[in-house]
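Trainee: Take this structure first; my questions come after.
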Amino acid sequence: MDLGVISVRYARALLKSATQQGIENQVYNEAQTLSDSYSQVAELCSTIDNPMLQKDAKLRLLIIASGGEGISELMQNFLKLVLKEGREAILQFMARSYVTLYRKQKNIIRGKLTTAIAVSRNIESKMQKMVEAKTQGTVEFVTEIDPDIIGGFILEYDTYKMDASVKSKLRSILSQLKK
């Protein structure tokens, strides 16, 4: 069976249970934290996949990776089920699938604003509202500072990218001059 299909099935079941209990937002945060833990701690995957490590030790580790002792009972039970079924090798895909399904259900789009220097909260808020107006959805907005773009900004959301950076304009001028 395809790992993608399995992880989506588990994620769907988790989302359905979380929605029925009215805690889908909390479980979203926990799944996001777990997914981030897998991304940021390279050893987590190999440790969880280690067959020599006892399941109760894996569970404690996964609870910490999901946000600590305060995580929902549903998430704890979900982690226990995954371990019981021997599916811990694809848990990171389950967490990512939950995040994706949740965002789709709640019409949440990820947006990113890259600037050469930090922008004020007011400008960030205006950009986020502009994206929300265009997409008619909620936007999870992050800002990033990249001095290499020299000035201006790069706005990305969904499949849209607007590059109004000085660096891209200089590249455009250089390519025109080379012709």
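Trainee: Keeping to the range 89-131, report how many residues are charged (D, E, K, R), open to solvent by less than 60 Å² (accessible area, probe 1.4 Å) and more than 26 Å from G22 (Cα to Cα).
Mentor: Residues meeting the conditions: 1.
Trainee: Does the range 149-171 hold any residues that are of a type in the set (D, E, K, R), in contact with a strand residue (DSSP E or B) (Cβ under 9 Å, 6 or more places away or on another chain) and in a helix (DSSP H, G or I), and which are they?
Mentor: K167, K169
Trainee: Here's another thing I want to ask about it. For the range 67-110, which residues satisfy the criterion of being among the β-branched types (V, I, T) and part of a helix (DSSP H, G or I)?
Mentor: Hits for the range 67-110 are V82, I90, V99, T100.
Trainee: Sticking with this one: How many residues does the range 65-103 contain that are in contact (Cβ under 8 Å) with a residue 24 or more places away in the chain and over 14 Å from the mean Cα position of the chain (by Cα)?
Mentor: Of the residues in the range 65-103, 15 are in contact (Cβ under 8 Å) with a residue 24 or more places away in the chain and over 14 Å from the mean Cα position of the chain (by Cα).
Trainee: Same structure, new question: Here is a check on your reading of the model: is A57 small (G, A, S) and in a helix (DSSP H, G or I)?
Mentor: So A57 passes the test.
Trainee: Among the candidates A42, A31, A13, A18, single out the residue that is more than 15 Å from L83 (Cα to Cα) and modelled with pLDDT under 95.
Mentor: Unique residue meeting the criteria: A42.
Trainee: Against the condition part of a strand (DSSP E or B) and either open to solvent by less than 60 Å² (accessible area, probe 1.4 Å) or of a type in the set (S, T, N, Q) (or both), how does T143 come out, does it pass?
Mentor: yes
Matching residues to (1) in the same structural domain as D148 (by the TED database); (2) at pLDDT below 95:
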| residue | (1), (2) |
| --- | --- |
| P51 | no, yes |
| Q54 | no, no |
| A57 | no, no |
| S66 | no, no |
| M75 | no, no |
| F78 | no, no |
| F93 | no, no |
| R121 | yes, yes |
| V131 | yes, yes |
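Trainee: Let me ask something additional. Run down S175, S168 and say which single residue is open to solvent by 40 Å² or more (accessible area, probe 1.4 Å), over 24 Å from Y28 (Cβ atoms) and hydroxyl-bearing (S, T, Y).
Mentor: Only one candidate qualifies: S175.
Trainee: Does the range 56-78 include one or more residues that are open to solvent by 90 Å² or more (accessible area, probe 1.4 Å) and touching a Leu at 6+ places or on another chain (Cβ under 7 Å)?
Mentor: No: the range 56-78 contains no residue that is open to solvent by 90 Å² or more (accessible area, probe 1.4 Å) and touching a Leu at 6+ places or on another chain (Cβ under 7 Å).
Trainee: Where in the range 1-50 are there helices (runs of 4 or more DSSP H), lying fully within it, with 1 or more residues that are surrounded by fewer than 17 Cβ atoms within 10 Å (Cβ to Cβ) and either in contact with a Leu (Cβ under 8 Å, 6 or more places away or on another chain) or of a type in the set (V, I, T) (or both)?
Mentor: Because the criterion is at least 1 residues that are surrounded by fewer than 17 Cβ atoms within 10 Å (Cβ to Cβ) and either in contact with a Leu (Cβ under 8 Å, 6 or more places away or on another chain) or of a type in the set (V, I, T) (or both), the helices (runs of 4 or more DSSP H) in the range 1-50 that meet it are 3-21, 42-49.
Trainee: Is it fair to say I154 is more than 18 Å from the chain's Cα centre (by Cα) and at pLDDT 90 or above?
Mentor: Here the answer is yes, as I154 does meet what is asked.
The values are calculated or read from the model by the stated rules, or taken from the named source; none is laboratory data. Here the structure is a predicted model, which means the values were calculated and not measured. Note that each Cβ is placed from the backbone with ideal geometry, even for glycine, and that neighbours are counted across all protein chains shown. Keep in mind that these areas ignore ligands, DNA and RNA; they rest on the heavy atoms of the full protein, side chains included. Shrake-Rupley method; radii C 1.70, N 1.55, O 1.52, S 1.80 Å.
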